[in-house]
Amino acid sequence: MRKKNKIFGFVFSLLLIGSGILYLDLNYVPKSLYNIQTMRRDEDEAYYVEQWCAPNFGKKEFRLWDMTRVDCLTKEYAIEFDFAKKWAESVGQSLYYAEMTHKRPAVVLILTSWADMRYVKRVERVGKNIQIFLVKAF
């Protein structure tokens, strides 16, 4: 009987620890939450560039000497727009554009559901002083 209690206690402890980790992960609030904007859903990336870039005094589709294009170039940032699931691509492009323009790197991640917050977390983990802006499109 005593061995069953120990096994039960061990399994119960593991379940508590696991549920605590899950709780923390589900209630994750990104550092960049104050930079979130809500826009229409089911649009292509160009729509979000147009709606976001002009009010923030940016030049959209700024062409570099090597024929690559920065989605939005502002006084401070070289910004790449992408849907959240393409987070890695947007990080790489923003770092490249920042180097080429001598601006700070930034990404605008377009969220299509709250589950996309996991991609925001990945960009935050990468670090590299990348500014994150969020567009909620759902």
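Just a few scattered comments:
- Exposure proxy for Tyr96, Tyr48: other Cβ atoms within 10 Å of each Cβ, ordered fewest to most, give Tyr96, Tyr48.
- Rounded if a/c under 1.5, otherwise prolate or oblate - the stretch 31-136, Cα gyration tensor axes: oblate
- When each of Lys60/Lys128; Lys59/Lys128; Lys85/Lys136; Lys59/Lys121; Lys59/Lys85; Lys86/Lys121 is checked by Cα-Cα distance, pairs over 21 Å: Lys60/Lys128; Lys59/Lys128; Lys59/Lys121; Lys59/Lys85
- Put in line by how crowded their Cβ is, counting other Cβ atoms within 10 Å and starting with the fewest, Cys53, Cys72 read Cys53, Cys72.
- Residue order, fewest to most beta carbons within 10 Å, for Val91, Val70: Val91, Val70
- Shape call, the stretch 84-129: gyration tensor on alpha carbons, a/c limit 1.5: prolate
- Cβ-derived FRET efficiency at R0 35 Å, Trp114 paired with Arg69, nearest 0.05: 0.70
- Between the stretch 95-117 and the stretch 33-88, the alpha-carbon center distance in angstrom: 8
- Estimated vicinal HN-Hα couplings, Hz - the stretch 68-85 in sequence order (Karplus 6.51, -1.76, 1.60; Gly, Pro = x): 7, 10, 7, 4, 8, 10, 10, 4, 10, 10, 9, 10, 10, 9, 7, 5, 4, 5
Laboratory data are not the source of any read-out in this text; all were calculated from the coordinates shown. None of these values were measured; they are calculated from a predicted model. So basically every Cβ, Gly included, is an ideal-geometry build from the backbone, and we count neighbours across all protein chains shown.
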